Amino acid sequence: MRRPELLLPAGNLEKLRTAVLYGADAVYAGVAGLSLRAASAEMSPDDLAAGIAHAHAAGVRVYAASNTFARDGDLETFRRILPEVVAAGADALIVSDPGLIRLLRKLVPQIPLHLSTQANTTNAEAVRFWRDQGVERIILARELNLADVEKIVAAVPDMELEIFIHGAMCMAYSGRCYLSAWRNRRSANAGDCTQPCRWEYLLRESTRPDDPLILAEDERYSYFLSSKDLCLLPHLPDVLKTGVAGLKVEGRMKSSYYTAVVARVYRQALDALLSEGTGYVCRAEWMDELQKVSHRGYTTGFAFAQEKINETSPGIKNIQTHEPAGVVLEYDPESRQLRIDVRNLLRAGDDVELLLPREVAPVDTGHLTGEQGKALQRVHAGSRIFLPFDRPVPPGALLRKKITPQ
Ligand code: SF4
């Protein structure tokens, strides 16, 4: 069985480090300037260089995404920035614009190019076409089912192919959608979607604006554009059977906590599948973990369908049983305490767990200690505190707490 690369999103430097810590083989990051706007899921050139050095030290590859469709006026910016990204040590560039591909083949012929899923590659001839243009890997369209993916891999075995296995799905064809640009002036077509299809909508009649027509299954709203999230964890044997080179997790805008949980679960499952072979069984505890991060119900998307529309989750705004509590800054072996950067309101006695790459350990929050040594009863996001713990923990490890119903 081919060992595919597990790719995690890195929306910023912290998320990159989190993905590395929790088991990514590779990460992909947006680069400030390349989408021609300051988006929240992009890294500055300095952060990208630091992230590349950190990832490479751990044997993890970094792919820089520039999957916008450029206008003529944008090309000068790309000519300037992309060679800098290559010089910083990126292992590949993810692109979707044929013009950029042509430009890059001349400017930086040594860098591998990965074709973004936004290029909507759906057949073997299209794969051969892009191979002939010098593309080394293609992230196939999410709309393909696994049987079609397997046939394409077999038809073009010299190409590296990659598919999405987890994360948000579009109601449009792989990001070819103007909803975000229309509602928020941030375009999905430039890789900058704010996911307004997941927002709450009412249908109003213009003559009766205060009397909305309710379409919903819940008492107020209908999320009628909102797809459930893709999750192929229970189907990893079918996924690996396709022979793809890369398995990608969506979510550059998601939190470090999300990155940690998803990376950790898929790392464990892939390692188990590759070592156990036909004896492999998807463990219930892995799916339980995926319930602990924000999601909208899970679906297998197009993986087993000939042609279908994504399943929506009309009654579901969000599902999440746990939330991030903090990030470990360091471990002090003398006092046997963790120094924590708090990320959500934390009270003494809260039910908190430490998420480690290979285990989940309970943490005693009975004694929250401030940086000045003062005992505290509650602390807010942004505070720095100490918590007792009996053994060293790597910096960047995540703490989470159970959400208690109000
Ligand atoms: S708004 Fe929704 S459907 Fe449109 S590109 Fe963004 S995620 Fe996809």
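So the values come out like this:
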read-out	value
Extreme residue, surrounded by the most Cβ atoms within 10 Å (Cβ to Cβ), among residues of segment 83-106 that are charged (D, E, K, R) and closer than 21 Å to R61 by Cα	D91
A397 being open to solvent by 50 Å² or more (accessible area, probe 1.4 Å) and among the hydrophobic types (A, V, I, L, M, F, W, C)	no
Residue that is at pLDDT 95 or above and either outside any strand (DSSP E or B) or exposed (fewer than 15 other Cβ atoms within 10 Å of the Cβ) (or both), where the choices are L273, L354	L273
Restricting segment 173-182 to residues that are more than 13 Å from T117 (Cβ to Cβ) and loosely packed, with under 13 Cβ neighbours inside 10 Å, the residue that is farthest from the ligand (Cβ to nearest atom)	W182
Restricting segment 186-208 to residues that are in a loop (DSSP other than H, G, I, E, B) and within 13 Å of the ligand (Cβ to nearest atom), the residue that is most open to solvent (accessible area, probe 1.4 Å)	W199
Single residue of segment 369-398 satisfying the filter (assigned to a strand (DSSP E or B) and touching a Ser or Thr at 6+ places or on another chain (Cβ under 9 Å)) that is farthest from L345 (Cα to Cα)	P388
Members of segment 25-60 that are open to solvent by 10 Å² or more (accessible area, probe 1.4 Å), outside any helix (DSSP H, G or I) and modelled with pLDDT of 95 or more	D25, Y28, A58, G59
Number of the exception - A126 against (1) surrounded by fewer than 19 Cβ atoms within 10 Å (Cβ to Cβ); (2) more than 16 Å from the ligand (Cβ to nearest atom); (3) in a loop (DSSP other than H, G, I, E, B)	(3)
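The values are calculated or read from the model by the stated rules, or taken from the named source; none is laboratory data. Source: prediction; values computed, not measured. Note: ideal-geometry Cβ built from the backbone for every residue, glycine included; neighbour counts use all protein chains shown. Heavy atoms of the whole protein, side chains included, go into the accessibility calculation; ligands, DNA and RNA do not. Shrake-Rupley method; radii C 1.70, N 1.55, O 1.52, S 1.80 Å.
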